[in-house]
1. Suppose every K and R has +1 on its Cβ and every D and E has -1 on its Cβ; what is the size of the dipole of the chain about the Cα centre, in Debye to the nearest 20?
2. Which residues' amide hydrogens lie under 5 Å from the amide hydrogen of His18, considering only partners 5 or more residues apart or on another chain, with H built in the peptide plane?
3. Note down the nm distance, to one decimal, between modelled labels 7 Å out along Cα→Cβ at Asn28 and at Glu49.
4. Identify, among Ala69, Ala82, Val54, the residue whose Cα sits farthest towards the positive end of the charge dipole of region 16-87, taking +1 on the Cβ of Lys and Arg and -1 on the Cβ of Asp and Glu, with the dipole about the Cα centre.
5. Could you state the angle between the C-alpha long axis of helix 72-83 and the longest principal axis of the C-alpha atoms of the chain, as a value from 0 to 90 degrees rounded to the nearest 10?
6. In deg cm²/dmol and to the nearest 500, what is the mean residue ellipticity at 222 nm of the chain if only DSSP H runs of at least 4 residues count, each as -39500 (n - 2.57), divided by the residue total?
7. What is the set of long-range amide H partners of Gln47 at a cut-off below 5 Å, with H atoms built 1.01 Å from backbone N?
8. On the protein heavy atoms, probe 1.4 angstrom, tell me the percent of accessible surface of region 24-72 carried by carbon and sulfur.
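The values are calculated or read from the model by the stated rules, or taken from the named source; none is laboratory data. What you are looking at is a predicted structure, and each value in this text was computed from that prediction instead of being measured. Every residue, glycine among them, receives a Cβ derived from its backbone with ideal geometry; neighbour counts consider all protein chains shown. Areas reflect the complete protein model, heavy atoms only, side chains present, ligands, DNA and RNA absent. Shrake-Rupley method; radii C 1.70, N 1.55, O 1.52, S 1.80 Å.
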Amino acid sequence: MTITVNDYYQPGWRDDVHNCPACEWKGNSRQMEMELHDEQTEYSCPQCEFPVLVVQHPDLAQVQAAAAAGNEEAQQQLAILAMAPRD
């Protein structure tokens, strides 16, 4: 079964060890094949390409809430957004 992470700022999802249900490979997201999409990122087993993990991208409100709660990554993302030119 593919695991879905709905809260991008949930601690640990990058380093948690996941088991591939198709071939029994074990590893974390950094060891998986990553495929970026508009709304989510899919992480697949490096042995059999089964989609092991799907991480939903945060919207602006989620980034702002995480930043306000002290999440350093969210704060950095807001700083990057602040530097973007506006039309």
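1. On the way: 4 positive and 14 negative charges, 43 e Å.
Around 200 debye, computed over the chain.
2. The list, which skips near neighbours in sequence, is Gly27, Asn28.
3. Label-label distance for Asn28 and Glu49, simple model: 2.7 nm.
4. Farthest towards the positive end: Ala69.
5. 50 degrees
6. Values: 2 runs with 21 residues, N = 87.
So the calculated ellipticity at 222 nm is -7000 deg cm²/dmol.
7. Residues meeting the criterion, in which the H sits 1.01 Å from N, do not exist here.
8. 43 percent
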